[in-house]
Amino acid sequence: MSGNVFKAPDGSALTTKIKREEIPSTLTKLEQILREFGIEEITTIGSAGKKAESDDLDVAVGPVMAMDDDERQLYKQTLRTNLSSRLGAENVALVGDNVHLRFPIAGRETEGTGDPDHVQIDLMLSQDPSNTAWLMAGTGAGLKGVFRNLLLAFIAKVRSIQTGKAYTLKYPGGIQVLSPEGEILVKRTEVPQTILDQLMLNASPDSLLTFDDLLAVAERDPDIKQALRQGIPAAKVPDFIGYVARYTKNDINSYNLVVKALGAEATLRESIRQILRILR
């Protein structure tokens, strides 16, 4: 979420990677502490636990009731104060909408003298952690979870153009639908089936946990399939490769995976585009 939040004066990271097998026991320790402050459920988000090692852990915690901005800020400040009393103020930070922890990795305390290794854990406040986990789902192989999120957002943009309504997605937060006049038709929600129903995707939430899963279902709609490869010129919407360009600019592996996923037509169009750039 926010990279290396905890750093030494010389800029070096004060946290380390956590092994997949260390995650359950570490989160059990965290859950015991969070329960003291009224948080009953924690759920990992994205690729946590799906790779051999993770740089940090993203965790949805709750349930946290719906609040306005001021109430939410006060809740986060209170949670930071409570966690600081247990972990030390230097190990708790509030950045943006999330509370970040420098948390001891379970089992490493016995590996040597001095301070045990710590991992950064990012806490995302949620009304329903399981729904947030679905919305922020990722994968340990292939395209990163952010590309699944971007594909959902792209589909929402296409639906907006098709219907005249405004479909917007937030991560976290979920979907909201407004009428052409700005009236709220669907209040923002993270309920997975509601998101899929509003985007007119005929599938169950459990079947859409990866980019490839979502792409296969989305392409059943001819308009989305065409927009992914050709954009919507009349609405100034780029094709999907252009839509995700800021995420692939410095990530050639993800760029190649996106082009490959969209198939031969996208590969040809992108090859022509690259040649034209060279000739300019």
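The values are calculated or read from the model by the stated rules, or taken from the named source; none is laboratory data. All values reported here derive from a predicted model rather than from experimental measurement. A quick note on method: Cβ atoms are made from the backbone with ideal geometry, for glycine too, and the neighbour counts reach across all protein chains shown. Heads up: the accessible areas ignore ligands, DNA and RNA and are worked out on the full protein's heavy atoms, side chains in. Shrake-Rupley method; radii C 1.70, N 1.55, O 1.52, S 1.80 Å.
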Among Leu152, Phe240, Gln32, flag the residue with its Cα farthest along the positive direction of the charge dipole of the chain, charges on Cβ as +1 for Lys/Arg and -1 for Asp/Glu.
Phe240
Size of electric dipole in the range 147-195: Cβ of Lys, Arg +1 and of Asp, Glu -1, about Cα centre, debye, nearest 20
160 debye
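How large a share of the accessible area of the chain, in percent, is made up of carbon and sulfur atoms when the probe is 1.4 Å and the other protein chains stay in place? Before the final figure, lay out each step's value.
Working: 7370 of 14500 Å².
Carbon and sulfur atoms account for 51 percent of the accessible area of the chain.
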Using all alpha carbons of the chain, what is the percent of pairwise distances in each 5 Å bin, ordered from the shortest bin to the longest?
1, 5, 11, 14, 15, 14, 12, 11, 8, 5, 2, 1, 0
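Would you mind classifying the range 157-280 by shape? Square roots of the alpha carbon gyration tensor eigenvalues, ordered a ≥ b ≥ c; an a/c under 1.5 is rounded, otherwise it is prolate if a/b is larger than b/c and oblate if not. The partial results should precede the final answer.
Details: a/c = 2.11, a/b = 1.65, b/c = 1.28.
Because a/c hits 1.5 or more and a/b exceeds b/c, the range 157-280 counts as prolate.
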What's the extension gain from Ala234 to Asn4 if we count 0.36 nm per residue and subtract their Cα-Cα distance?
78.7 nm
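What whole-number value in Å² describes the accessible area per residue of the range 135-202 for a 1.4 Å probe? Can you show the working numbers first?
Working: 2940 Å² over 68 residues.
Per-residue value: 43 Å².
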Pairs Lys170/Lys236; Lys144/Lys187; Lys165/Lys236; Lys76/Lys170; Lys29/Lys170: which exceed 23 Å Cα-Cα?
Lys144/Lys187; Lys29/Lys170
Result row for the chain, helices from DSSP H with C-alpha axial extent 20 Å or more and mean Kyte hydropathy at least -0.5, is 145-163, 264-279
How would the range 36-166 be classified by its alpha-carbon gyration tensor: rounded, prolate or oblate, with rounded meaning a/c under 1.5 and the a/b versus b/c comparison settling the rest?
oblate
At 1.4 Å probe radius, can you tell me the per residue accessible area of the range 30-114 in Å²?
51 Å²
Rounded to 0.05, the calculated FRET efficiency for the beta carbons of Met200 and Ser25 at R₀ = 41 Å is 0.45
